[in-house]
Amino acid sequence: SQTIHQWPATLVQPVGSPLSLECTVEGTSNPNLYWYRQAAGRGLQLLFYSVGIGQISSEVPQNLSASRPQDRQFILSSKKLLLSDSGFYLCAWRLTYEQYFGPGTRLTVT
Amino acid sequence: EDQVTQSPEALRLQEGESSSLNCSYTVSGLRGLFWYRQDPGKGPEFLFTLYSAGEEKEKERLKATLTKKESFLHITAPKPEDSATYLCAVQAGSQGNLIFGKGTKLSVKP
């Protein structure tokens, strides 16, 4: 069966510091991968998606970036965090139709 | 513009009191409608996929239905453990990306 991991689970970072969040999927090959941000009262916002290694599409302009160095690894990064980057970050994978989500990372920028 | 609206924003029920959650959508070329359950601090958990008007899916006390403009999630004789936020999403376009509503927060009191 497929499993999706995210780490860290929680993170507190000062404004201006860098960010790296990691997502890995087990038990499947060549999935579509997604990064979402969930802020209070705003619902799930799609940030990036990837259909293959090295292929990244961005949905919204921001100071975040994503990379997919391996088939089942998806990384979300930032060089300098803003207060507005705080939120709950979710990684998801899809093979056919449904998307399946990871446990999430709670990021607080102080 | 593709849009998903969920109502009500919050719903408080007594244990055993059946009710329905609504998800209305405007999308060109619906490819699927998805229901998720999200517990506090966790990633969304997939519940159902509906593809065409008239389709129904059931799981325990939950039943999802779909028309050409909206979907309902019916909850029959809910229990306190059904308390969660229920998210609706539609898939449109060739990329398969999901557009989420803001969710309905359900509280079931014993």
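Between A:Ser50, B:Ser71, A:Trp93, the Cα set farthest toward the positive side of the dipole of the protein assembly as shown (charges on each charged residue's Cβ, about the Cα centre) is that of A:Ser50.
Using a Gaussian network model of chain B in which every pair of alpha carbons under 10 angstrom is joined by a spring, one finds that among B:Ala64, B:Ala89, B:Ala77 the greatest mean-square fluctuation is at B:Ala77. With a Förster radius of 30 Å applied to the C-beta separation of A:Val15 and B:Glu15, the computed FRET efficiency comes to 0.10. Cross-link reach is defined here as a Cα-Cα straight distance under 16 Å, omitting same-chain residues fewer than 8 places apart; for B:Lys105 the lysines meeting it are B:Lys42, B:Lys79.
For the range A:1-51, the spherically averaged projection of the C-alpha convex hull amounts to 4.9 nm².
With no solvent and one equal point scatterer per Cα, compute the Debye intensity ratio I(q)/I(0) for chain A at 0.10, 0.22, 0.24 Å⁻¹ and report its log10, rounded to two decimals. With one equal scatterer per Cα and no solvent, log10 I(q)/I(0) is -0.25, -1.23, -1.43. Once you divide the Cα radius of gyration of the range B:19-59 by 2.2 N^0.38 Å, the number left is 1.33.
Note on chain A: with charges restricted to the Cβ of Lys and Arg (+1) and Asp and Glu (-1), its dipole about the Cα centre is near 240 debye. A Gaussian network model of chain A, with springs between Cα atoms under 10 Å, assigns the largest mean-square fluctuation among A:Ser29, A:Ser67, A:Ser57 to A:Ser29. Counting beta carbons within 10 Å around each of A:Tyr36, A:Tyr89, B:Tyr51 and listing the fewest first gives the order B:Tyr51, A:Tyr89, A:Tyr36. The convex hull built on the alpha-carbon positions of chain B has an orientation-averaged projected area of 6.5 nm². Among B:Asp39, B:Asp2, the order by Cβ neighbours within 10 angstrom, fewest to most, reads B:Asp39, B:Asp2.
With viscosity 0.890 mPa s and temperature 25 °C, the Kirkwood radius over alpha carbon pairs of the protein assembly as shown converts through Stokes-Einstein to a diffusion coefficient of 136 µm²/s.
Values in this text are rule-based calculations from the coordinates and carry no lab data. Model, not experiment: these values are computed from the prediction. Quick reminder, even Gly has a Cβ in these numbers, built from the backbone with ideal geometry, and neighbours come from all protein chains shown.
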